[in-house]
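Take a look at the structure below.
The values are calculated or read from the model by the stated rules, or taken from the named source; none is laboratory data. This is a predicted model, so every value here is computed, not measured. No Cβ is skipped: glycine too gets one built from the backbone with ideal geometry, and neighbour counts run over all protein chains shown.
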Amino acid sequence: MLVFAIRRLFQAIPILLGVSLVVFGLVHIVPGNPIDMLMPPEASPEVIAQMKAAFGFDKPLYVQYFLWLFRAMQGDFGLSVFNATPVIGQLMVALSNTFILAILGASLGFALGITFGLTAALYHGRWPDKFFSALATMGVSLPHYWCAIVLVLAFAVLNDFLPAQGMGDDSLPLYQRLDHLVLPVITLSLIPMGVIGRLVRATVLEILGQDFVGALRAKGLPSWPVIRHVCKNAAPPVLAIMGLQFGYLLGGSILVETVFNWPGSGNLLNLAIYRRDIPVLQATILVLASFFVMLNLLVDIAQAAIDPRIRR
């Protein structure tokens, strides 16, 4: 098991290097320079040149890449072009806020998805199967941003039950601001709930039709031990999709965070794109992509721990 984990870790290193190269290259494909956008029209060429040198935009791209990668490996992403504050400080605050939403949204979505999918499979062809399958299909089909807008209209505008935006008063502890989490967490949980529910249903139905399940029942084993064996065999593919879905929640919540004005990494990324703040943009994308790669690594190790056949 340890050899498998070390091998997968070494395989992740070139992937992370490739991700850094793609992130750096794509950001610099856009024509223009952020310094030119920030400087007033009457600024002299000498002042503009000094600003470009201060942020490193005067060097060739390959030199900029290696310098940026070397500093990024040490946790130094430079200064924001927009407000000249350290990027790492902005990023850590935004990531902590995004993790709050992602963890709660994933926990709710995974719990509902596993429950709905398992219930639908065990009652295949009956009304629980049709009801929970319809819920899962709706969760997959409805766009995040549309659900966010509908929830805001229903529970914050038409009925003043829950706050529509923001995190509340920062001076209060998080447990006293839970009402601000309800709507965005429900919105983020819909797609994981639908994806996991459909996958669990299909996987459990496939396993229930295998010979070993019939043998367990023929031996007179009660229903719950049989279901436990079925769940263990269904776990590896479900774990893989759960890891992917959690990564999507970290990087794909930009529209939800914009609708709810949640100060997370998605909102920070949106502002960086609007401001053409290249250091913030690069750091945010790189960190989110790195989290995604590391999540896949952890999921592979967890799958191998559950199913020894994967280690071969």
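Every residue, every condition in (1) surrounded by fewer than 19 Cβ atoms within 10 Å (Cβ to Cβ); (2) acidic (Asp, Glu), yes or no:
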residue	(1), (2)
Gly194	no, no
Lys219	yes, no
Ala240	yes, no
Glu257	no, yes
Asn261	yes, no
Pro279	no, no
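Among the residues of region 136-160, those identified as touching a residue at least 60 places away in the same chain (Cβ under 8 Å), among the hydrophobic types (A, V, I, L, M, F, W, C) and either within 30 Å of Ala121 (Cβ to Cβ) or out of contact with any Ser or Thr (no Cβ under 9 Å at 6 or more places or on another chain) (or both) are Ala136, Ile149, Val152.
The residue that is nearest to Leu101 (Cα to Cα), among those in region 209-253 that are of a type in the set (A, V, I, L, M) and in contact with a Ser or Thr (Cβ under 8 Å, 6 or more places away or on another chain), is Leu250.
Out of contact with any Cys (no Cβ under 9 Å at 6 or more places or on another chain) and either modelled with pLDDT of 80 or more or hydroxyl-bearing (Ser, Thr, Tyr) (or both) - does that describe any residue in region 211-219? There is no residue in region 211-219 that is out of contact with any Cys (no Cβ under 9 Å at 6 or more places or on another chain) and either modelled with pLDDT of 80 or more or hydroxyl-bearing (Ser, Thr, Tyr) (or both). Any residue that is loosely packed, with under 14 Cβ neighbours inside 10 Å and either of a type in the set (Ser, Thr, Tyr) or not in a loop (DSSP other than H, G, I, E, B) (or both) - is there at least one of those in region 72-80? Looking for residues that are loosely packed, with under 14 Cβ neighbours inside 10 Å and either of a type in the set (Ser, Thr, Tyr) or not in a loop (DSSP other than H, G, I, E, B) (or both), one finds at least one in region 72-80, hence yes. From the list Val200, Val195, pick out the single residue that is β-branched (Val, Ile, Thr), closer than 30 Å to Ala304 by Cα and in contact with a Leu (Cβ under 7 Å, 6 or more places away or on another chain). The unique qualifying residue is Val200. Does Gln282 satisfy the condition of being touching a Leu at 6+ places or on another chain (Cβ under 6 Å) and in contact (Cβ under 8 Å) with a residue 40 or more places away in the chain? The answer is no for Gln282. Checking the structure you have, find out if any residue of region 35-56 is among the hydrophobic types (A, V, I, L, M, F, W, C), at pLDDT 75 or above and outside any helix (DSSP H, G or I). No: region 35-56 contains no residue that is among the hydrophobic types (A, V, I, L, M, F, W, C), at pLDDT 75 or above and outside any helix (DSSP H, G or I).
Met294 - would you say it is hydrophobic (A, V, I, L, M, F, W, C), touching a residue at least 12 places away in the same chain (Cβ under 8 Å), surrounded by fewer than 17 Cβ atoms within 10 Å (Cβ to Cβ) and on the phi < 0 side of the Ramachandran plot? Criteria met by Met294. Output yes when any residue across region 94-110 is of a type in the set (Val, Ile, Thr), surrounded by 19 or more Cβ atoms within 10 Å (Cβ to Cβ) and under 20 Å from Ile254 (Cβ atoms), and no when none is. So far as region 94-110 goes, yes, one or more of its residues are of a type in the set (Val, Ile, Thr), surrounded by 19 or more Cβ atoms within 10 Å (Cβ to Cβ) and under 20 Å from Ile254 (Cβ atoms). Within region 211-220, none of the residues are of a type in the set (Val, Ile, Thr) and touching a residue at least 24 places away in the same chain (Cβ under 8 Å). For Ala154, the criteria (1) surrounded by fewer than 17 Cβ atoms within 10 Å (Cβ to Cβ); (2) in contact with a helix residue (DSSP H, G or I) (Cβ under 8 Å, 6 or more places away or on another chain); (3) not acidic (Asp, Glu) hold in every case but one, which is (2).
If I ask for residues that are at pLDDT 85 or above and of a type in the set (Gly, Ala, Ser), which ones from region 115-138 would you list? Answer for region 115-138, where residues must be at pLDDT 85 or above and of a type in the set (Gly, Ala, Ser): Gly117, Ala120, Ala121, Ser133, Ala134, Ala136. Set side by side, the residues Gly105, Gly197, Gly117 differ, and just one is small (Gly, Ala, Ser), in contact with a helix residue (DSSP H, G or I) (Cβ under 6 Å, 6 or more places away or on another chain) and either closer than 19 Å to Asn267 by Cβ or part of a loop (DSSP other than H, G, I, E, B) (or both), which is Gly105. Applying a threshold of 6 Å to beta carbon distances and a minimum spacing of six or more residues, or different chains, the list of pairs starting in region 161-174 at a residue that is within 18 Å of Val185 (Cα to Cα) and surrounded by 12 or more Cβ atoms within 10 Å (Cβ to Cβ) and ending at one that is at pLDDT 70 or above and among the polar types (S, T, N, Q) reads Gln165/Asn261; Gly166/Asn261.
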